[in-house]
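The structure appears right after this line, and notes come after that.
The values are calculated or read from the model by the stated rules, or taken from the named source; none is laboratory data. Note that this is a predicted model, so its numbers are computed, not measured. Don't worry about glycine lacking a Cβ; one is built from the backbone with ideal geometry, like all the others, and counts go over all protein chains shown.
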Amino acid sequence: MNAPSRPENSTTPKRLLKPTAWIVYLVIGFEILFMISPAALYFYSLYGPALNVLNRWEATAWLTQFFLPHISTTRSPVLNALPWIGGVFAVIGAAWFLASAGQLYWNKFRQKGLVTTGLYAFSRHPQYTALALLGLGTLLMWPRFLVLIAYVAMLFMYRYLAALEERRCEAEFGQAYRDYQARTPPILPFIPHSADRGGHPRIGLGALGAVASIIAALLIGFGLREYTLSEITAVYPNRAAVLSPAPLSEEELLAAYRTALKNSEVPQLLARFGADPLVVHVVPRDWHLADLPIDLEPGRGGHHTPANFDRRYYKILFSQARTHEKRAAGKDIVRSAYGVDPLLLVEVDIAAGKVTAIETPPAHVVWGDIPTPLF
């Protein structure tokens, strides 16, 4: 973003105290809020009450589901690397945004006019470029379908805002800004500005492009979810989806699951909860996952997933799938589930072939009763 400011005499400390100067700074503050509002709407899609509202209806419940692994270590090195790549993108994007915003507003406070150096020499709207990178990093770390839609929508909102700002800058700076446009790319190479001859953004064409891009992104997202489900350790006996976030073999997964069911108390307790499809998570005893209600210790966040864990001991979380498809079976349980209701937490020793503990799990995760990832 490179909004116009009139070049005047350099600012002095005495001038900073004048009421008119504070009005200017207030306007700049609102300008910053306006600039980051699409990003704020995007980040609100990560959490918030809206998630549970969407889950009330089958037509919208899928929006809160994940399409990439969030708690699972898969057989794919690429899938496993995505959260780390997302973290790097997020850090770079945040630093880039702060640096470019700092350069712009320092220039405004000094009232030096058009900014064309530093980060503005590489992009006419480096803050939007930075927010796009920050948003992509967050999407890779928290990959809900809703977040994917919000991310694509955010990009097109910034495309429109950038076009409006360019009209203002061209009106303010004239040929100097047109020369700057000619030698400097906009936000990103794949998000060009669409404007008519009068310089007005083409809202209709932009909306059509946004809808088409969202549909394409969703198709890619569904494909990525199918690939992810093929790369995690899982079995689907009867009306249950048995998943392991850890890199277990199928034999280890089944050994833990069958050891739990061999204890007569476990099937009896599960029978009390009805016939809805089950989601079963088999987690090494040494692991902690804040996104699964498997720890009785309250208020513990973060993930602890050591690669070298004791392969004899496991925590098994039996949950009812929150789904509008009550007859779902196999992978369709995972495809349709928008959350889980924890039923039993069973600890097993597969070497001894016995259950070591049966507990009542927490009602929800440390973040509260919001849709959490299944894989």
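Numbers at a glance
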{"quantity": "Qualifying positions in region 63-81 - in a loop (DSSP other than H, G, I, E, B) and polar (S, T, N, Q)", "calculated": "Gln65, Ser72, Thr73, Thr74, Ser76"}
{"quantity": "Contacts under 6 angstrom Cβ, first residue in region 218-234 being under 16 Å from Ile71 (Cα atoms), partner of a type in the set (Phe, Trp, Tyr), 6 or more apart", "calculated": "Leu224/Phe67; Arg225/Phe67; Ile232/Phe375"}
{"quantity": "Tally, over region 205-255, of residues that are farther than 19 Å from Tyr151 by Cβ and among the β-branched types (Val, Ile, Thr)", "calculated": "4"}
{"quantity": "From Leu119, Leu133, Leu155, residue being closer than 20 Å to Val78 by Cα, assigned to a helix (DSSP H, G or I) and touching a helix residue (DSSP H, G or I) at 6+ places or on another chain (Cβ under 7 Å)", "calculated": "Leu133"}
{"quantity": "Test: residue in region 166-180 that is closer than 30 Å to Pro373 by Cα and surrounded by fewer than 18 Cβ atoms within 10 Å (Cβ to Cβ)", "calculated": "no"}
{"quantity": "Sole exception among (1) in a helix (DSSP H, G or I); (2) surrounded by 21 or more Cβ atoms within 10 Å (Cβ to Cβ) for Asn107, by number", "calculated": "(2)"}
{"quantity": "Qualifying residue in region 300-312 (condition: over 20 Å from Thr74 (Cβ atoms) and in contact with a helix residue (DSSP H, G or I) (Cβ under 7 Å, 6 or more places away or on another chain))", "calculated": "no"}
{"quantity": "Test: Ala307 is modelled with pLDDT of 95 or more, out of contact with any strand residue (DSSP E or B) (no Cβ under 6 Å at 6 or more places or on another chain) and not hydroxyl-bearing (Ser, Thr, Tyr)", "calculated": "no"}
{"quantity": "Those residues of region 152-174 which are farther than 20 Å from Thr138 by Cα and touching a strand residue (DSSP E or B) at 6+ places or on another chain (Cβ under 7 Å), in sequence order", "calculated": "Tyr160, Ala163, Leu164"}
{"quantity": "Filter result for Tyr338 (over 21 Å from the mean Cα position of the chain (by Cα), among the aromatic types (Phe, Trp, Tyr) and in the same structural domain as Ala255 (by TED's automatic domain parsing))", "calculated": "no"}
{"quantity": "Meets criteria (under 22 Å from Lys331 (Cβ atoms), of a type outside the set (S, T, N, Q) and in contact with a Pro (Cβ under 6 Å, 6 or more places away or on another chain)) for Ala256", "calculated": "no"}
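To keep it simple, each residue is scored yes or no on (1) modelled with pLDDT under 90; (2) within 30 Å of Glu250 (Cα to Cα); (3) within 17 Å of the chain's Cα centre (by Cα); (4) assigned by TED's automatic domain parsing to the domain that holds His281.
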residue	(1), (2), (3), (4)
Tyr25	yes, no, no, no
Phe30	yes, no, no, no
Met35	yes, no, no, no
Leu68	no, yes, yes, no
Ser72	no, yes, yes, no
Arg75	no, yes, no, no
Leu82	no, yes, yes, no
Ile85	no, yes, yes, no
Ile92	no, no, yes, no
